[in-house]
Structure formats: C-alpha cells, structure tokens
1. Only one of 186, 206 is buried (at least 17 other Cβ atoms within 10 Å of the Cβ), among the basic types (Lys, Arg), modelled with pLDDT of 95 or more and in contact with an Asp or Glu (Cβ under 6 Å, 6 or more places away or on another chain); which?
2. Taking residue 138 as meeting all but one of (1) surrounded by 14 or more Cβ atoms within 10 Å (Cβ to Cβ); (2) acidic (Asp, Glu); (3) more than 11 Å from the ligand (Cβ to nearest atom), write down the number of the exception.
3. Has the range 20-34 got any residue that is among the acidic types (Asp, Glu) and open to solvent by 70 Å² or more (accessible area, probe 1.4 Å)?
4. Keeping to the range 422-437, report how many residues are buried (at least 17 other Cβ atoms within 10 Å of the Cβ), of a type outside the set (S, T, N, Q) and in a strand (DSSP E or B).
5. Can you name the strands (runs of 3 or more DSSP E) wholly within the range 141-218 that have at least 3 residues being within 15 Å of the ligand (Cβ to nearest atom)?
6. Can you tell me which residue in the range 250-262 is nearest to the ligand (Cβ to nearest atom), limited to those that are surrounded by fewer than 24 Cβ atoms within 10 Å (Cβ to Cβ) and in contact (Cβ under 8 Å) with a residue 12 or more places away in the chain?
7. Can you name every residue in the range 3-18 that is in contact (Cβ under 8 Å) with a residue 60 or more places away in the chain, part of a loop (DSSP other than H, G, I, E, B) and acidic (Asp, Glu)?
Amino acid sequence: MTALNETHDPALDCWVESAHSPGTDFPLQNLPFGVFRRAGSGEAFRGGVAIGAEIVDLAAAQAAGVFDGQAARAAQAATGPQLNALMAMGPAASSALRLALSRGLRRESPLEGRLRGCVVPQARAEYAVPAEIGDYTDFYTSIHHAANVGRLFRPDHPLMPNYKWVPIGYHGRVSSIGVSGQEFARPRGQVLPKGATAPVFAPSARIDYELELGVYIGTGNALGAPIAIDDAPSHVFGLCLLNDWSARDVQAWEYQPLGPFLAKNFATTISPWIVTLEALAPYRVPLSRPEGEPKPLAYLESPADIAEGAFDIRLEVLLETARMRAAHEPAVRLAATSYRHAWWTLAQMVTHHTVNGCNLRPGDLLGTGTLSGPEPGEAGALLELTVGGTQPVTLADGESRTFLEDGDTVIMRGACERPGAVRIGFGEVRGTLLPAT
Ligand code: CA
C-alpha cells in the first residue's frame, strides 16, 4: 500500500507565502516537476519545482549546495533541459529530492536563505516539454467515453466485445507534442462528405479536443521483461494534463482497419508540470466496477490495484472563444469529471503495454484516453457533448458550438481535494486552433 509520509502533512507551513493562497495548485504538499526558463531570456531550460506562484530552480539550488546525498544526485539529474535522467533514477530518488525540498521550504528551515536566491516567479517563466519523449501511446481507458462514442456508430452494441478484457490503445506521434500554449493551424485532410462515395481534400470541419491525463514512465523495463502489475506504480514518474486534439471527419474516414492516423497526429498539448505519484498518494481510491462484470485476466489484476489503483483527480474543460477574448470575458466551462471513473487503472496500462515483452523507457508518455464520466455533463470531448455534432452546445455568451472554430482556446485543469488532505492541482493546459493555412 502507498504510505503517506511527512511531506503530505496538512499542517506544513511554507515560507513561500503564495503556497498558502486559497485555491493554489502548488502548496508544499504537491511539489511537481517541470522544465522552465525566464521568458524571453535565451537562458537554458532546466528543471524546476512549482511552489505557490514561484518555481524553485533546481540547477541554481544544486549550485548553491542546498542538497545532500541522494537528493543531490536527483537534483543534479534535473539540471538540464529534460528530466529523463531523473525519471530513470526511480521513485526513491525523486522522493528523496521531494523530502529535501519539503524540509527546505518549511518556515524556519536553515536552508531558507540559500533557497530564496533560487526562486523564479511563475509569471516570468516559460516552459518546455519536460522530457525527451521516446514513444507516446494513447489508451482508451474510459468505458463511458468508449460507450458514448460507440453509441454514435453502433447504437445496438456500443461497446466492442474486447473492451472489458483488453486495455485498448494505439501508438501515437511524439513530434507534434507541445507544451501548454501550443497553437496550430486547422489541419487539412481526406474527408467523406455525407452521402458521397468519394472523399474530398479539405480543412477539417470537425476539430475536437480530448480531456486526458498523460503518464510519464520513470524507470523502464528491459526488452522481453514484462512489468508485473504490483511493480507497475514504481515505473511511473508522474502525471500531467493532456489534450489529444482530434479531427473527427478525418478520423471517421481513415480509422478502419488500423485506427487513428492523421486525425490525431497534428497536435497534442501537455501541461508543463508533472505531479508525482507520491504527491497523489492521498487521492488514491479503490477501483470500482459494477457487480457481474468479467474479472480481468490474472496478469491485469491484483488486490493492491483493486484497493487503491484508481485516483480521484477532478478534471474540467473550459472554452475561450475569440469573441470572449476580445470582450475580456472569462472562459466558460464545458464539462467536469474525475479520473476515478476510468475502467482500466494506470498500473493496468503499464502492465498490459509490457506483457508481450515491449520495453518502456524513461520519459515515455502514455495517454489515458478521453476521460468521460457517467453523466452527460462529464463528457471529455465535443463529439460526445454534442452527440456527434447533432446537438450544439450553447455557451454563456450566446455563442454555440458543435466542433471548434478558428480562434478557440481550450483550457483543461485538474485538481485533487478531500477532507484531511491539502488540495493539490495540475495547473492548466491550454491550446489554440488557428485558421487553416
Ligand atoms: Ca485520445
């Protein structure tokens, strides 16, 4: 079972005042990792840890001699522009660094003086994709999303017969993954007009977002050596928010028989901060499945994963249209749900991915697939919210949407909250659709 430790103590007091601001995503109990530099500075990107409205510059802290022993070795591995070396060291190393930072950031820490010189305001920072992602695999772990989408195409049997047995996924594209703030032109592609027998080449008219979590692999596995389900969590470094942009009209024409291709690989946007599994420990919840559902094959099941393999991470999607931006109006919320509704756990994703001997490497990224909950307002994509584009969503300012329009910015946020623990958040991931070029 995942132990809580002194870094989760709700009573911790931090000398960074903004770490105590109501609603902050980054209290002392969170300490997520990212890669940053001062905006517009031309400085090298390097590892950092978010605290309140600030960032602890790990390269500066390491140079200032703040850390000892294993924490120092972990900080050293995070001084460059990618966190793969830190990820490869495994959970004991990132945990040692987390503990050292937690102690150094507490009020009256003897390290306060040295650490104060290593802090950069988030308002003055820009971020990079925090790892060299070797491979990216996107899963399909939300049964509610799978059923909602399946119902549009196959009303009589929305779920494919394999869904409850095998975690479905496909191999995605790394080159177009960008960090929050990503902008991309509306893609063109082959689409089949309604009633037509031949496709046309045109800008996609059905651009959608997908609300997902991204999972960074920490230590990998050797080719031919699968990861057992109870070892899977120790191979996960942490989680981020992920928007898997999708061109639904391109997808509908191309997806059979090999799955998504150009409908998905033009842009994927991730949040800059990686929240570690250790930080998420207070928010583990039991895997809940209705009575009478098939028991997974033995390699995909363990008592520990059933007891605490799911996470209650509250997620929301907001839309800021070009009109809202011009009128200085706030973004409007389209949907909210929780990761706890997923059918397959994070450990099941990792174990299934490697069961045939496939090797995962530090910095590899897994997507959970669109996370939709059981209720209509919990749909993680416009495809579901608008029932395949047939029922437009009316926004608070009177605009409506079936799919995204040029100039739309999609914002996703995530946070964990429960009595007896301090709220922690993921920050946000935002991305903007530009007109076709
Ligand atoms: Ca997806």
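The values are calculated or read from the model by the stated rules, or taken from the named source; none is laboratory data. Predicted model, so just to flag it, every value in this text is computed and none were measured. In this analysis, Cβ positions are derived from the backbone assuming ideal geometry, glycine residues included, and neighbour counts consider all displayed protein chains. All accessible areas refer to the heavy atoms of the entire protein, side chains included, with ligands and DNA or RNA removed. Shrake-Rupley method; radii C 1.70, N 1.55, O 1.52, S 1.80 Å.
1. Of the residues listed, the single one that is buried (at least 17 other Cβ atoms within 10 Å of the Cβ), among the basic types (Lys, Arg), modelled with pLDDT of 95 or more and in contact with an Asp or Glu (Cβ under 6 Å, 6 or more places away or on another chain) is 206.
2. The failed condition is (3).
3. No - not one qualifying residue is present in the range 20-34.
4. Count: 9.
5. Per the criteria, 169-171, 211-217.
6. Ranking the qualifying residues of the range 250-262, first place goes to 260.
7. If the condition is that a residue be in contact (Cβ under 8 Å) with a residue 60 or more places away in the chain, part of a loop (DSSP other than H, G, I, E, B) and acidic (Asp, Glu), then 13 is the only one that fits.
Residues are listed down the side, and each one gets a yes or a no for (1) without any contact (Cβ under 8 Å) to a residue 40 or more places away in the chain; (2) of a type in the set (Asp, Glu):
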position: 176; (1), (2): no, no
position: 180; (1), (2): no, no
position: 183; (1), (2): no, yes
position: 192; (1), (2): no, no
position: 195; (1), (2): yes, no
position: 200; (1), (2): yes, no
position: 209; (1), (2): no, no
position: 213; (1), (2): no, no
